[in-house]
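Report on the structure given below.
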Amino acid sequence: MLYDALVIGAGQAGLSAGYYLQQSGLSFLILEAGGEPAGSWPHFYDSLKLNTPARFSSLPGLPFPGDPRRYPLRDEVVGYLRAYATLFRLPIATCTRVRSVSRLGRSFRVQTEDGRTYTARTLVAATGFFGRPYRPRLPGQELFAGQLLHTAEYRRPEPFVGKRVVIVGAGNGAVQIGVELASVANVTLATRAPIRTLPQRLLGQDVHLWLSLTGLDDTQWLGNRTAPVYVSAPERAALRAGAPDRRPMFERLSERGVVWAHGEGETVDAVVLATGYRPSLPFLAGVDAFDAEGGVLHQLGVSTSVPGLYYVGLPRQSSAASATLRGVGVDARRITAHLAAYLEAQAAAANRRSERRRVARRGLMALAATLPLHHAL
């Protein structure tokens, strides 16, 4: 079967794309590597809480259930995504990991790791922003005998009771995990610059309401800066109390711990990398999708190098909220509209080519009719 579109990934990005493809009446299939339509959410740490309230954490067509002012937990998001896929009866092939993508004329051929092949006129890469943990190489890490892990591997605080822990990073995840661990361990946030925070609530309202009302949420208002940490009142109090404390980034790791500035060594049991994620798009290696540095070539989610290729869920794809529950739907709607127009243009071009061939055939037949017939003697 030749689909109008294939969507790779059934997390928040892929489900949003599926919603708008369905609304457009296009034939499509969503390919999901995991066993359910929940993306990376089931793999995050147990206590993860959204820093946006439920009212700003919905995908298109389905409000997040419950009190719109509350901050949903990880498992609530997983349940919401499952319910979303079921409610809209989105066509999803689970346990279907894409191995490679290639061009097949004007279409795409998608091959999966289990040997299946799918073809489509367009392709939406919706694997989002959380498929590949970013693990920067730290000086001396080959010597470190303690535990070195990424937040993608962190689940709960119990294994760290009574330990000395250093967290590398200054984002929401670093602060949330740092505050949680500081209740059972001695924790420091190691950062290259002071942590930039914003209160989660301003004048009695969540900060995202003000971002929405001012229109900043639909812009690239952060520029190249990292997003501020939206801290709750308890988190702000914990940071002020030094639980966790914050220190400038250490110079290197040693066998027993870290070496801070000016050569001050300290024994450390564990170093946690809260260094974020990078887009995971290895299946696009066979098409001209990247620049020389491996960056995605696109404009607002529309590939600038591969006709018919689209993206949803890239960081800052069109706004500071693009890779989040609250922002991914806007990008999905935009690229689906472009995709539908592209398909219409392709169909019109195919009709023109077919008409030219018909005209050419009629002309040849008319010419043949005027030629004298030669009979064999």
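The values are calculated or read from the model by the stated rules, or taken from the named source; none is laboratory data. Remember, predicted model here, so these are calculated numbers, not experimental data. Quick reminder, even Gly has a Cβ in these numbers, built from the backbone with ideal geometry, and neighbours come from all protein chains shown. The area values use the complete protein model at the heavy-atom level, side chains included, leaving out ligands, DNA and RNA. Shrake-Rupley method; radii C 1.70, N 1.55, O 1.52, S 1.80 Å.
Given the DSSP H assignment, sum -39500 (n - 2.57) over each helix run of at least 4 residues in the chain and divide by its residue total; what's the result at 222 nm in deg cm²/dmol, nearest 500? Write down the numbers at each step before the final one.
Values: 6 runs with 95 residues, N = 377.
Mean residue ellipticity, 222 nm, calculated: -8500 deg cm²/dmol.
Quick check for me: using +1 on Lys/Arg Cβ and -1 on Asp/Glu Cβ, what's the dipole size of the chain about its Cα centre, in debye to the nearest 20? Display every interim value, and only then the final one.
Working: 43 positive and 29 negative charges, 248 e Å.
For this selection, approximately 1200 debye.
Using 0.36 nm per residue of separation minus the Cα-Cα distance, give me the extension gain between Arg135 and Glu113 in nm, one decimal. Provide the component values of the computation, followed by the final result.
On the way: separation 22, 0.36 × 22 = 7.92 nm, distance 2.56 nm.
The span from Arg135 to Glu113 would gain 5.4 nm if fully extended.
Can you give the angle from 0 to 90° between the axis of helix 12-23 and the longest principal axis of the chain, with both taken from C-alpha atoms, to the nearest 10?
So the helix axis and the longest Cα principal axis differ by about 30 degrees.
In degrees from 0 to 90, rounded to the nearest 10, what is the angle of the helix 172-181 Cα long axis to the longest principal axis of the chain?
Helix 172-181 and the main axis of the chain meet at about 40 degrees.
Ignoring ligands, DNA and RNA, what percent of the accessible area of the chain is carbon or sulfur (1.4 Å)? Write out the running numbers ahead of the final one.
On the way: 10310 of 18780 Å².
Solvent-exposed carbon and sulfur of the chain make up 55 percent of the total.
Which of rounded, prolate, oblate describes the range 273-342, given a ≥ b ≥ c as roots of the alpha-carbon gyration tensor eigenvalues and a/c under 1.5 marking rounded, otherwise prolate only if a/b is larger than b/c?
Numbers: a/c = 2.25, a/b = 1.05, b/c = 2.13.
Here the range 273-342 falls in the oblate category.
Is there a quick way to get the dipole size of the range 232-274? I mean about its Cα centre, with the Cβ of Lys and Arg at +1 and of Asp and Glu at -1; what is the value in debye to the nearest 20? Spell out each step's value before the answer.
Working: 6 positive and 7 negative charges, 44 e Å.
Using Cβ point charges on Lys, Arg, Asp and Glu, the range 232-274 gives about 220 debye.
What shape does the chain have by the C-alpha gyration tensor, where a ≥ b ≥ c are the square roots of the eigenvalues, rounded means a/c under 1.5, and otherwise prolate means a/b greater than b/c and oblate the rest? If you can, show how the numbers build up before the last one.
Working: a/c = 2.80, a/b = 2.12, b/c = 1.32.
Note, shape of the chain comes out prolate.
Provide the per residue accessible area, probe 1.4 Å, for the chain, rounded to a whole number of square angstrom. It would help to have the intermediate numbers written out before the result.
Working: 18780 Å² over 377 residues.
Heavy-atom accessible area per residue stands at 50 Å².
Go ahead and run the numbers for FRET between Arg316 and Arg356, Cβ-Cβ distance against an R0 of 45 Å, rounding to 0.05. Walk me through the intermediate numbers first.
Working: r = 43 Å, r/R0 = 0.97.
Efficiency for this residue pair is about 0.55.
Indicate the gyration tensor shape class of the range 1-85 (rounded, prolate or oblate), computed on the Cα atoms with a ≥ b ≥ c the square roots of the eigenvalues: a/c under 1.5 is rounded; otherwise a/b larger than b/c is prolate and the rest oblate.
On the way: a/c = 3.31, a/b = 1.67, b/c = 1.98.
It comes out oblate by the Cα gyration axes.
By average Cβ neighbour count within 10 Å, what is the ranking of 27-38, 317-328 from highest down? Intermediate values should be presented prior to the final figure.
Numbers: 27-38: 19.7, 317-328: 22.8.
Top of the packing list down: 317-328, 27-38.
If amide H atoms are built 1.01 Å from N in the plane of the peptide, which residues on other chains or at least 5 residues away come under 5 Å of the amide H of Val168?
Placed amide hydrogens put Ala190, Val272, Leu273, Ala274 under 5 Å from Val168.
For the peptides 266-279, 169-182, 285-298, 238-251, what is the packing order when you average, over each peptide's residues, the other Cβ atoms within 10 Å and list the highest mean first?
Numbers: 266-279: 19.4, 169-182: 23.2, 285-298: 13.2, 238-251: 16.1.
The most tightly packed comes first, giving 169-182, 266-279, 238-251, 285-298.
Taking the dipole about the Cα centre of the range 255-365, with the C-beta of Lys and Arg at +1 and of Asp and Glu at -1, give me whichever of Ala320, Val359, Val296 is farthest to the positive side.
Going by the charge dipole, the pick is Val359.
Where does each of 10-18, 125-133 land if you order them by average Cβ count within 10 Å, highest first? Intermediate results must be reported in sequence, preceding the final value.
Details: 10-18: 30.7, 125-133: 23.4.
Highest to lowest by the protection proxy: 10-18, 125-133.
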